[in-house]
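Rule-based calculations on the coordinates, nothing more; no lab input. From a predicted model like this one, the values you see are computed outputs, not experimental measurements. Using ideal geometry, Cβ is built from the backbone for each residue, glycine included, and neighbour counts are taken over all protein chains shown.
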Amino acid sequence: MRRFARNVRPDPGPPVNERCLRYRELRVIGSDGSQLGVMPSRQALNLAKDEGLDLVMVAPNADPPVCRIIDHGKFKYDQEKRERESKRKQQDVKGIKISPRIADHDLEHLLKKADEFLRDGDKVKVVCRFRAREITHPEIGQKRMEKMAQALAEIAVVERPPTMDGKLMVMVLAPKPQSGKKHAKAENQQDGSKAVQDHGERQDHSPEVP
């Protein structure tokens, strides 16, 4: 039997303007943040139109629902901006896989990758998989992981030390504060501002030439 994928409708967002008229009464917040009280939905919409603004529902589950008189376009833009900033602040966890018998040159290559991830502000999850009889010597994999942690000690801290999870050994490294590119950029800006300030102070204290 053939199955057809369901059509997923996009989220229409909160009710705006005429869509608020399905509710008999609304609690309204004015464009200046003042509480305008409970009123018929048609009256609330007319108030919004009189100001050249929109009636946007912000609490549909309240009794009665709460609406604000605002610029819907600006409201939506600010909301999307906050969501983007929130996602940007979230740390990603990058995965790196090794084996107990990994060659030194392969390990060096993975160290460079881990270095890039950490400097970008991401965490690094190192996973070592043991095969067959390798599981009888977990200390070999642990030494590999400890070597990685030591090589990256200047920019990373061990958030989770090497621990066994079935046939896997897992270690998590997290970037040290101010080791990422964003922090380095901020420091450079501060250094530049300080240099400009020092230069200005030197000019202010320069002796006058008669």
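The rule of thumb for compact globular proteins, 2.2 N^0.38 Å, goes into the C-alpha radius of gyration of segment 93-175 1.01 times. Shown for H109, H72: other C-beta atoms within 10 Å of each C-beta, ranked fewest to most, produce the order H109, H72. Among Y77, Y23, the ranking by other beta carbons within 10 Å of each residue's beta carbon, starting with the fewest, stands as Y77, Y23. Applying both filters, DSSP loop and at most 15 other Cβ atoms within 10 Å, to the trypsin sites (Lys or Arg not before Pro) of segment 48-121 gives R101.
The ranking of F130, F117 from fewest to most other beta carbons within 10 Å of each one's beta carbon is F130, F117. Overall form of segment 17-73: rounded. Here a/c, set by the Cα gyration tensor axes a ≥ b ≥ c, is under 1.5.
Quick one: which of K81/K176; K94/K167; K81/K125; K81/K123; K125/K167 span more than 23 angstrom between C-alpha atoms? Pairs exceeding 23 Å: K81/K176; K81/K125; K81/K123.
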